[in-house]
Amino acid sequence: MLGFCFGPTVAAILYDVGGFTLPFLVIGLIQIVSAALINFILVLPDSNEETQALMGLEALTKFNSFFKFPFIYIFMFGVMSVNMGNGFCEAILEPGLQVFHLSSLQIGLTFGLLGVFQLLIPLWGIILDRIKRGEVMALVGCFIAFLGVSMFGPLPFIPVHRAYPITAIGIAIFGLGKGITAASSYVMLKREVEANVGDTLLGSSFVATCQVGATGIGGVIGAAVGGILYGAYSFRMATLLLVSTFLILFILLLIFICQQSKLTPKSLRFSRFRNNHSIIKTLAEIKERTPLMFSNPLSQSSLKYSIRPDGR
């Protein structure tokens with residue numbers, strides 16, 4: 001995300017210094033060096049630990065039921081919404097700023113406004129670790145992003161002429177809300193996965209898969225749909241895509257928070273999955289200690305069907 005926000009700024013400076021070729025030479029060199037450093041920085045997991053992690057697949061017998069719950073999709077939609085904003089700005093923001101007759105450096109610096117507040121993402125992570133209410137922070141970030149998009153358009157039904165100062169302030173506010181929403185959605189997505197499958201190698205892989213998938217889908221939708229609206233109507237009409245997206249996310253988060261407030265301590269989210277996970281883990285430990293107990297197929301089938309979906 002930081003690369004997306006500050007990339008145009010750095011590229012604009014390099015373009016003014018060395019022309020069209022220099023930005024591509026620099027980014028290519030950075031990628032080559034990064035690929036070489038990965039071999040020294042990344043450490044492969046120990047084979048024994050990886051084997052033990054994969055043996056926990058028994059705890060995922062109800063894994064498919066995890067997708068039946070809407071909570072996972074809400075935070076995936078949060079990640080997707082943020083990257084819809086990235087794709088939209090990547091494709092539409094530059095031609096939308098041409099009306100102000102800005103230079104390439106000024107356009108690059110305007111893109112940098114999106115990334116100024118992205119530097120605060122580590123701070124949002126620290127706050128999330130302390131308050132344990134990522135859904136509330138996501139709601140606040142979504143509202144801030146909504147206000148920012150409404151300003152840098154501005155919305156077509158607002159009787160205000162486009163002015164660069166208002167657009168720049170709106171872009172900065174949108175970057176702030178986008179960063180809060182991105183950090184909160186990722187943390188909540190990670191917590192929901194760990195609540196079901198545990199903090200394992202497979203759980204981390206699932207979090208990464210959800211994030212990468214939502215990122216790719218959001219980027220494509222933001223650029224494609226935003227470009228269609230911009231070409232058919234105007235920049236102000238195109239911003240309705242982001243406005244409606246963050247409005248929908250805001251409503252979904254409100255519903256999620258209201259549902260959470262109605263839950264009693266005995267009916268925590270995904271409690272049945274947590275119970276199921278602990279039961280199967282206990283059975284696996286018993287199986288390792290007393291393998292003769294599981295030598296009878298009848299006992300295996302009886303234990304298999306004794307685990308109900310609610311973990312009892």
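The values are calculated or read from the model by the stated rules, or taken from the named source; none is laboratory data. For clarity, every value in this text was computed on a predicted model and none was experimentally measured. Cβ sites come from the backbone with ideal geometry, for glycine too, and all protein chains shown count toward neighbours.
Pick from ILE144, ILE126: which is modelled with pLDDT of 90 or more and part of a helix (DSSP H, G or I)? Break it down stepwise before answering.
Values: ILE126 fails: modelled with pLDDT of 90 or more.
The unique qualifying residue is ILE144.
This table checks each residue for (1) of a type in the set (Gly, Ala, Ser); (2) surrounded by 18 or more Cβ atoms within 10 Å (Cβ to Cβ).
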{"site": "PRO156", "(1), (2)": "no, no"}
{"site": "GLY177", "(1), (2)": "yes, yes"}
{"site": "ALA183", "(1), (2)": "yes, yes"}
{"site": "LYS190", "(1), (2)": "no, yes"}
{"site": "ALA208", "(1), (2)": "yes, no"}
{"site": "GLY219", "(1), (2)": "yes, yes"}
{"site": "ALA232", "(1), (2)": "yes, no"}
{"site": "LEU242", "(1), (2)": "no, yes"}
{"site": "ILE248", "(1), (2)": "no, no"}
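Give me the residue from region 1-32 that is in contact with a Gly (Cβ under 9 Å, 6 or more places away or on another chain) and among the hydroxyl-bearing types (Ser, Thr, Tyr) and, out of that set, modelled with the lowest pLDDT.
THR9
Would you say GLY85 is at pLDDT 80 or above, small (Gly, Ala, Ser) and in a helix (DSSP H, G or I)?
In short, yes.
Working only within region 91-107, note down all residues that are buried (at least 19 other Cβ atoms within 10 Å of the Cβ) and either touching a Phe, Trp or Tyr at 6+ places or on another chain (Cβ under 7 Å) or under 27 Å from TYR186 (Cβ atoms) (or both).
Once the filter is applied, which keeps residues that are buried (at least 19 other Cβ atoms within 10 Å of the Cβ) and either touching a Phe, Trp or Tyr at 6+ places or on another chain (Cβ under 7 Å) or under 27 Å from TYR186 (Cβ atoms) (or both), region 91-107 yields ALA91, ILE92, LEU93, GLY96.
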